[in-house]
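Read the figures in this text as sums done on the coordinates, not as results from a lab. Bear in mind the structure is a predicted one, so any value in this text is a computation, not a measurement. Neighbour counts are summed over all protein chains in view; Cβ atoms, including those assigned to glycine, are modelled from backbone coordinates with ideal geometry.
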Amino acid sequence: MKTSVESLDPVKVKLTVEVEPKRVKQAFDRAARELAKQVSLPGFRPGKAPRRLLEQRFGEGVIAQTAMENSLSDYYVEALRSEEIDAVAQPEVDVETFDEAEGCTFTATIEVRPSFDPPAHDGISVTFPEWDVDDEDVDEQLEQLRERFAEVDEVERAAQDGDLATLDLRVEVEGSELESARVEDALYEIGSQGVTPKLDEELVGKSAGDEFSYEDALPEEYPEHGGEQATFFVTVKDVREKTLPELDDDFAQTASGFDTLDELKRDLRNSLLRRRVEQAQHELRGRILEAYLARVDVPLPPSMVEADKQGRIHQLEHQAERFGIEVDQLFAMEETSREEFEANAQTQAEETVKAQLVLDALSSTLELDLQPGDIDQEIVRHAQSNGVSPQEIARVIQQQGSLPALVGDILRRKTIDAIVASAQVEGGPSDEVLIELGLLDDPDATEAGDTPDAEGERSDAEVADTPDAAAAEVDTEAAADEDADGARS
């Protein structure tokens, strides 16, 4: 076999392959034997019919076509390996010759990964995002806790702002009732603006047994007739007063396992602080990765971008199917349009593909090693994000043969860790604060032989595994995640 490669552009090459006649004749002979097994000719045992009779029966073209279909992909793969071509999509193949006497000559136009040197990953300087917690933040948490432990009692007076009311509600648009909007015995908090703002205004002053109607626009995100004028018919069944508990030690004991209000406040502050720090660490990783990727321009293979974009569109369609609604209704709920979504999907796909290419290039220079537990941890991570068992994710990976993609995902994560570790970060919590919050192992405890609890073993890499991680991390397991999502639903 002879091969040659011509570069057409940074992400496309033309591969020319010449296969000697001897190998092509072998392909013809194999094709003839294959066809012979499929027919029964008088006077010959199955599979033993001579080739000339097969040619008379099927025509020479059928044998040639079968030979080409059975062998061309093998020739192509062999040529890829010989030329060390990293193809990212199916090729466009043009067969010039496929003949026993002349051999085979074909060309393949192939999209490939661009060849480039990744930039150095040191020298990045960033500021740690805002992470502190003030008294107002703690007070807000306390108020939410008070709401959870509020006492609710039915009253005989007219409704006031902040009261709860049990309602029956139906909606008509142009005289036709919206069945999907009908509710009965719904407990509604006056002032929450949970239906339309005008409902809250109308409810103030109403008493149990009152019936009324009003005109207002349906919320824009409503699946049917969103934004259109409608008539709302309301029946008030009862009015309930909500009484919040006093903020004292008794409340702390009732609402938590703490003896005093100060202890409860301290715990709320630490819990909120931990979440803030985790969010800030995640945002920090995103800033560092963004700064690194900005150091290089990389030509993107169109097929990789399109595949990522279509994956996002398919995911949205699957989401709409799970909700039992049309995709356009989901767009309305998200306050966007198909055009806007596809434009955003295109941008996100380009960013994702660029990150994959750059991180893969850098990974190959860092000599990263996979540890024995890395694959198991990654499977658990995907299982947690999809709400299924690790065994289900492992089954999908095995079924799809996507273990190499999973390994690539792990190596990219480790590469991001290396970029983050080399960055100069200004500000942020001290090690003492991180240890206290359980976000950093205590070296003294480790030396003493203590084993940190699972909560405290969360590294920077793990912090990035939040729902918004797509902005900073690159995940190549979308296919496995989608199938796991389907198994869950």
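Worth pointing out:
- Under the convention that each Lys and Arg Cβ holds +1 and each Asp and Glu Cβ holds -1, the size of the dipole of the chain around its Cα centre is about 4540 debye.
- Positive dipole terminus of the chain, leading residue within Ser176, Val425, Thr3 (C-beta point charges): Thr3
- Overall form of the range 170-285 per C-alpha gyration tensor (a/c, 1.5; a/b vs b/c): oblate
- Beyond 20 Å in Cα-Cα separation lie the following of the pairs Lys206/Lys237; Lys14/Lys309; Lys12/Lys354: Lys14/Lys309.
- Projecting the Cα positions of Leu316, His282, Ala345 onto the charge dipole of the range 263-347 (unit charges on Cβ atoms of Lys, Arg, Asp and Glu, taken about the Cα centre) puts His282 furthest along the positive direction.
- Spatially proximal aspartates and glutamates relative to Lys414 (Cα-Cα < 12 Å; intrachain offsets below 8 disregarded): Asp360, Glu367, Asp369, Asp374, Glu378, Asp460, Glu462, Glu473
- Helix content alone sets the calculated 222 nm mean residue ellipticity of the chain: runs of n ≥ 4 DSSP H residues at -39500 (n - 2.57) each, divided across all residues, give -15500 deg cm²/dmol.
- Per-selection Rg to Rh, the chain - Cα, Kirkwood hydrodynamic radius: 1.12
- Protection proxy ranking, highest mean first, for peptides 424-430, 260-266: 260-266, 424-430, where packing is the per-residue count of other beta-carbon atoms within 10 Å, averaged.
- Over the chain, relative contact order from alpha-carbon pairs under 8 Å, at least 6 apart, %: 15 percent
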